[in-house]
Structures are given as C-alpha cells and as structure tokens.
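The structure under discussion appears below in the form of structure tokens.
The values are calculated or read from the model by the stated rules, or taken from the named source; none is laboratory data. Predicted, not measured: the structure shown is a model, and the values here were computed from it. Glycine gets a Cβ as well: all are built from the backbone with ideal geometry, and neighbour counts include every protein chain shown.
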Amino acid sequence: MNERERKRLEATAYHEAGHAVAGYLLRRRFEYVTIVPEGDCEGVTEFGPLDHLIGALVEGAESGPILAYLRQALVTVLAGPTAEERWSGVPQPLEHLWGQDALATEDDHAQAIDMAGFIGNNPEDAASVLRDAALEARLLWREPRNWAAVDVLAAELLQVQRVEGRRARRVIREVLAAARNRVEGEMPVGEPHDR
C-alpha cells in the first residue's frame, strides 16, 4: 500500500469511527462499522433505515419526537465528515451543502441534504437545520473523551477493517468510562464532580 492509499484508508477509518461514536452518543444503534469498500462507499457504518419514521409522519403521527430523532440522525450523518475534518485539518464545507447539487453525489452529503430538506419547512429552514447539525457534529469532537473514542475505534478499524456493532459499542463505552474516571480521579477532595 502506498502512502496515498494509507492516508485515504486512515481518513476513512476516522470518518466511519465518527459516525459510530456519534451514533453511540446520540443513541442510534448500528450493526457494524467497516473500512472495507461497499458499493460506491469507501467505508460504512450500518444504521437502520429511517423510512418507517418518515412513513409515520406522512400517516399523521406526532411530529415532535420523530423530527427530534431525525435531527439526531442528521448530526450522526455529519459526524463522519466532521471527524475526518478534525483528523485531516481540511475543512469540510458542510454548512453550504444546501443547494449545491455537485456535492450531493457523496452519500453522506446527499443524505444530509435530503434529511435537512425533510426536517425544514422551506429552503431557508432546511439550510438552517443543516448549519445547526454541522455545528453540533463539530462540537462533539471538541470533547476530549469523545475524540479519544474516535481515535481508539479508528485504530481498531485500521487493524481489523470491520468491527461488529456490539464490539464497537463496548470499545466506545470503555474509552468514555476510562476518560470519565481519569477526570473524576483528578478532582481535588471535597470538590463537586459536576463541573
């Protein structure tokens, strides 16, 4: 494997680990995460379909909880590109996806555009939903323990290429718990632990 291929694989590992860690944090269950190409995708984090939620909205179900879940799903979709952005240092123009058909050829971008369009009542709302979700996804990676989980899962993906959902969730949970325990262990005696 040449240097360029190695960098691309590493970027894919961080991208997919970002989806998986965000899914864990936002309580979206996934079946597996892989950096083995599937179809047109360089890697996949396999979440369940959202069609049933959209169908429920069309059938007149209460929209509040469904739209809230769809917003979380949108953050999860954008968490892959934002994790790759953090790892590479190369900005992803996610806030400006709305109305840019050329970018819609990439699966995450196309999915994000579709979801924002469904959540927003009009093009301005959809653009705002997309901006907010991109910001929320980026904020996930400012938390050191969240980023540590991405680092560890990306490293495991680079070793084994595919991690089943149960194993990935255990890895993420252990990294988050270890980080929390380290922080709590550093607190001075008598200090509140809710800072």
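Would you mind finding the one in 32, 14 that is within 15 Å of the chain's Cα centre (by Cα), of a type in the set (Ser, Thr, Tyr) and within 23 Å of residue 135 (Cα to Cα)?
Details: 32 fails: within 23 Å of residue 135 (Cα to Cα).
Criteria check complete, one pass: 14.
Scanning region 35-53 turns up no residue that is surrounded by fewer than 17 Cβ atoms within 10 Å (Cβ to Cβ) and among the aromatic types (Phe, Trp, Tyr).
Applying a threshold of 9 Å to beta carbon distances and a minimum spacing of six or more residues, or different chains, the list of pairs starting in region 1-14 at a residue that is within 10 Å of residue 83 (Cα to Cα) and ending at one that is part of a helix (DSSP H, G or I) and of a type in the set (Phe, Trp, Tyr) reads 11/87; 13/87; 14/87. Listed conditions (1) over 23 Å from residue 10 (Cα atoms); (2) among the aliphatic types (A, V, I, L, M); (3) under 13 Å from the mean Cα position of the chain (by Cα) are all met by residue 115, apart from (3).
Would you call residue 23 part of a helix (DSSP H, G or I) and closer than 14 Å to residue 157 by Cβ? Spelling it out, it is not the case that residue 23 is part of a helix (DSSP H, G or I) and closer than 14 Å to residue 157 by Cβ.
Residues checked against (1) under 22 Å from residue 116 (Cβ atoms); (2) assigned to a helix (DSSP H, G or I); (3) modelled with pLDDT of 95 or more:
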{"residue": "11", "(1), (2), (3)": "no, yes, yes"}
{"residue": "16", "(1), (2), (3)": "yes, yes, yes"}
{"residue": "19", "(1), (2), (3)": "yes, yes, yes"}
{"residue": "31", "(1), (2), (3)": "no, no, yes"}
{"residue": "45", "(1), (2), (3)": "yes, no, yes"}
{"residue": "54", "(1), (2), (3)": "yes, yes, no"}
{"residue": "57", "(1), (2), (3)": "yes, yes, no"}
{"residue": "66", "(1), (2), (3)": "yes, yes, no"}
